[in-house]
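Encoded as structure tokens, the structure appears first; notes follow it.
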Amino acid sequence: MHVITSTSDLSDTCSRLADGDFVTVDTEFMREQTFWPDLCLIQLANAREEVIVDPLADGIDLGPFYELMAKRDVVKVFHAARQDIEIVYSEAGLIPTPVFDTQVAAMVCGFGESVSYVNLVKKVTGRDLDKSSRFTDWSRRPLSEKQLTYALGDVTHLRDIYTYLRTELATTARASWLDEEMAELTDPATYESHPDNAWQRLKMRVKNRKALAVLMELAAWRERMAQTQDVPRGRILRDEALYDIANQLPTSTDQLSELRTLSEGFSRSQRAKDIVDAVRKGLDRDPKTVPPLPRNQPLSAEATAIIELLKVLLKAAAARHRVAPRLIAGSEDLERIASEAEPDVPALKGWRRQLFGEDALRLKRGELALTLSKGEVLAIATGSR
């Protein structure tokens, strides 16, 4: 087993790997105690060799690895790529390109929704993987032979999976479908963490727009603190406390001491003063910069009925074309198609519109009806205009 611990070895290896048309990539990291992921191990392979890189080795410079990730003539193959790409982006400020995500490709090729690496290896190669080292603390050294073997398996089997799925996509003429999915995955905006946008990851458990303005300021403050101190957001302040503060609108530290979601004595801390400042800033915020709260109005009986029909149509389209239903349309897509006059949703764009979206609109307009024939759901024209 080749474990790279020096910059010169890494440079030589990455030069060899760059000679191939693809490289399989996986990373092991820890982030339970940090905001930013701590990169602990990198696994790489192409058709000829496989290696492990130790990012924690004394004096190693990962520059050659990042140069390999940036080479446009080498396809970077991941399984469930988002977190691996996030690490590369946060460490080096670049997005690996081009990317082939085998989990997404497997959904396009009919392997079901969010298929795991273990199951995909079993289905494609027939091999069973030993996952007993899955919960390893990858920051500890030395790592055992068993742990390293487990880690390397995440890229060696990936070679066979990539070859198989690439052939399937070519045979079914669905390579362009995957390209559409990879566009979002390789968009830097997917990985940027702006404090001012931190509120968008929260549930809207606030009473009114004034409370939302305060929640926006609190979330931004917490995000900045977590990033600066490199600790999880909850270590700064739990979500429940954010909602409580936003709804109660305390403008003094004494008022903070009355909140059950904050620990005793918290009101005397520096963070308490920062929170009060954030509350006041939120209260002073221009209402035009605060979006309206989503209206939780019940759907009409007609829209509810349409959604149920769309679910049947979606399941039938997914089965007929051997594509995971969730990849075609999510529940929000169906709800918006049923209730909005001109819904702007992924299900009505690109290949999704061809497979499902166009029929979904026709079904909504009453131009299609659903029928059952020999156990298969079929859509038939009604003649309505």
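Tabulated values for the structure
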item	result
Residues (open to solvent by 10 Å² or more (accessible area, probe 1.4 Å), within 17 Å of residue 157 (Cβ to Cβ) and part of a helix (DSSP H, G or I)) located in segment 98-107	103
Residue selected from segment 221-276 under the condition over 33 Å from the mean Cα position of the chain (by Cα) and among the acidic types (Asp, Glu), by the criterion most open to solvent (accessible area, probe 1.4 Å)	264
Of all residues in segment 277-292 being open to solvent by 80 Å² or more (accessible area, probe 1.4 Å) and part of a loop (DSSP other than H, G, I, E, B), the one that is farthest from residue 200 (Cα to Cα)	284
For residue 133: the one exception among (1) open to solvent by 40 Å² or more (accessible area, probe 1.4 Å); (2) more than 30 Å from residue 352 (Cβ to Cβ); (3) in contact with a helix residue (DSSP H, G or I) (Cβ under 6 Å, 6 or more places away or on another chain)	(1)
Cross-chain or 6+ apart pairs with Cβ under 7 Å, segment 311-326 first and farther than 13 Å from residue 378 by Cβ, then open to solvent by 10 Å² or more (accessible area, probe 1.4 Å) and basic (Lys, Arg)	325/315
Residue within segment 152-169 that is on the phi > 0 side of the Ramachandran plot and either open to solvent by 70 Å² or more (accessible area, probe 1.4 Å) or not acidic (Asp, Glu) (or both) present	no
Residue list for segment 173-206, restricted to those being over 15 Å from residue 96 (Cβ atoms), open to solvent by less than 80 Å² (accessible area, probe 1.4 Å), assigned to a loop (DSSP other than H, G, I, E, B) and not charged (D, E, K, R)	173, 193, 202, 204, 206
Near pairs, Cβ below 9 angstrom, 6+ apart or cross-chain, from segment 68-83 (farther than 12 Å from residue 24 by Cα) to any residue that is in a loop (DSSP other than H, G, I, E, B) and of a type in the set (Asp, Glu)	73/21
Identity of the residue in segment 72-97, under 18 Å from residue 168 (Cβ atoms) and out of contact with any Pro (no Cβ under 9 Å at 6 or more places or on another chain), that ends up most open to solvent (accessible area, probe 1.4 Å)	79
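The values are calculated or read from the model by the stated rules, or taken from the named source; none is laboratory data. All values derive from a computational prediction rather than experimental measurement. Every residue, glycine among them, receives a Cβ derived from its backbone with ideal geometry; neighbour counts consider all protein chains shown. Keep in mind that these areas ignore ligands, DNA and RNA; they rest on the heavy atoms of the full protein, side chains included. Shrake-Rupley method; radii C 1.70, N 1.55, O 1.52, S 1.80 Å.
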